[in-house]
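Contents: one structure, followed by commentary.
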Amino acid sequence: MEVIPNTLIKGKFVLLTLLIWLLFLLIAIPQWMIMCLYAKNPLIYTLILILVGFVLLACIHIVEVLKYKRPWNFVCLLICYEILTIGVALYLTKWNLIHTLILIGVGVLFSAFAMLVCVLLIFYQAYPNPVKLAIVGFMGFILVYCIRSVHIFNKWFYLADLEVTVFLVSTVIVTICHILITNDNFELLRQDDAMHVAFVLYLCYMLFIVGCRIAAHCIQSNMEYFKSKRTTALAANFYYDNVK
């Protein structure tokens, strides 16, 4: 790829990236709300759309024409954006709308936390090699898959809690590393890269959404589990007192 001299100003690039990320988010929220209210819950479509979206995203980053040639880069990225947004929306269906809005807010908090950590790390220049750290984050995703695949752990009640915790921590690490890698390679960026950086941040945000949705289910299951245990204990005590 031909290296074009970078004439970008870092502050303007960061601001443009954040604005595009917010635009992605604001366009997605109404779609998620509509799908939450009216769509059914075909999980297979979610998996298919997410798979197709990630394949298209990989093609965009591999093929330079799809990444930098206008208007094809905008068209391809918008198609990928809609595919992944609808895929996540289908995952959020059959859920209370208020809970979905809370979930969206929690996802924003996770993203804001990761961005704040990046600002502090960049300001103090105190961070390890972000590429190596990103490998740790991706290893976390692999660890979740391995935990789920090993049947010996399936009977452990807190297995899902462990999985979602590792998943969310890994997503935070990957988000931070993405920003740090972008900062370290700022001299190689073009103006259109702001759109791609923002889109990857949006993908990380959707991973936060998925992780928080699973975490909410885990919390609900834990509450029901402890409630049932408490009810059983009270019933046992009542029976013991009456027999005694």
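Worth a mention:
- Residue check, PHE167 part of a helix (DSSP H, G or I) and not aliphatic (A, V, I, L, M): yes
- Qualifying position, being part of a helix (DSSP H, G or I), closer than 27 Å to GLN125 by Cβ and either at pLDDT 90 or above or β-branched (Val, Ile, Thr) (or both), among ILE209, ILE214, ILE219, ILE176: ILE176
- Restricting attention to the range 63-80, the residues being surrounded by fewer than 20 Cβ atoms within 10 Å (Cβ to Cβ), in contact (Cβ under 8 Å) with a residue 60 or more places away in the chain and either within 21 Å of the chain's Cα centre (by Cα) or at positive phi (or both) number 0.
For every residue, the table says whether it meets (1) at pLDDT 85 or above; (2) out of contact with any Ser or Thr (no Cβ under 6 Å at 6 or more places or on another chain); (3) closer than 19 Å to TYR205 by Cβ.
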position	(1), (2), (3)
PRO42	no, yes, no
GLU64	no, yes, no
LEU77	yes, yes, yes
GLU82	yes, yes, yes
ASN96	no, yes, no
THR100	no, yes, yes
ILE104	yes, yes, yes
VAL108	yes, yes, yes
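- Search result, residues across the range 85-108 that are surrounded by fewer than 12 Cβ atoms within 10 Å (Cβ to Cβ) and within 17 Å of the chain's Cα centre (by Cα): GLY105
- Per-region count, the range 68-101, residues in contact with a Phe, Trp or Tyr (Cβ under 7 Å, 6 or more places away or on another chain) and among the polar types (S, T, N, Q): 1
- Residues satisfying the stated conditions in the range 74-127, i.e. charged (D, E, K, R) and in contact with a Leu (Cβ under 6 Å, 6 or more places away or on another chain): none
- Checking each residue in the range 1-17 for being at pLDDT below 55 and either surrounded by fewer than 10 Cβ atoms within 10 Å (Cβ to Cβ) or of a type in the set (Gly, Ala, Ser) (or both) picks out MET1, GLU2, VAL3, PRO5.
- Boolean, PHE208 is in contact with a Gly (Cβ under 8 Å, 6 or more places away or on another chain), under 21 Å from CYS118 (Cβ atoms) and either surrounded by 14 or more Cβ atoms within 10 Å (Cβ to Cβ) or polar (S, T, N, Q) (or both): yes
- Taken residue by residue, the range 150-158 has at least one member that is surrounded by 13 or more Cβ atoms within 10 Å (Cβ to Cβ), modelled with pLDDT under 90, within 29 Å of LYS132 (Cβ to Cβ) and in contact with a helix residue (DSSP H, G or I) (Cβ under 6 Å, 6 or more places away or on another chain).
- Residues in the range 95-130 that are over 21 Å from VAL210 (Cα atoms) and either among the acidic types (Asp, Glu) or in a loop (DSSP other than H, G, I, E, B) (or both): GLN125, ALA126, TYR127, PRO128, ASN129.
- Test for LEU90: is it farther than 14 Å from TYR205 by Cα and modelled with pLDDT of 85 or more: no
- Counting only residues that are farther than 15 Å from TYR202 by Cβ and surrounded by 14 or more Cβ atoms within 10 Å (Cβ to Cβ), the range 50-62 holds 1 of them.
The values are calculated or read from the model by the stated rules, or taken from the named source; none is laboratory data. Bear in mind that the values here come from a model prediction, so they are computed numbers and not experimental data. Please note: Cβ atoms are built from the backbone with ideal geometry, for glycine as well, and neighbour counts cover all protein chains shown.
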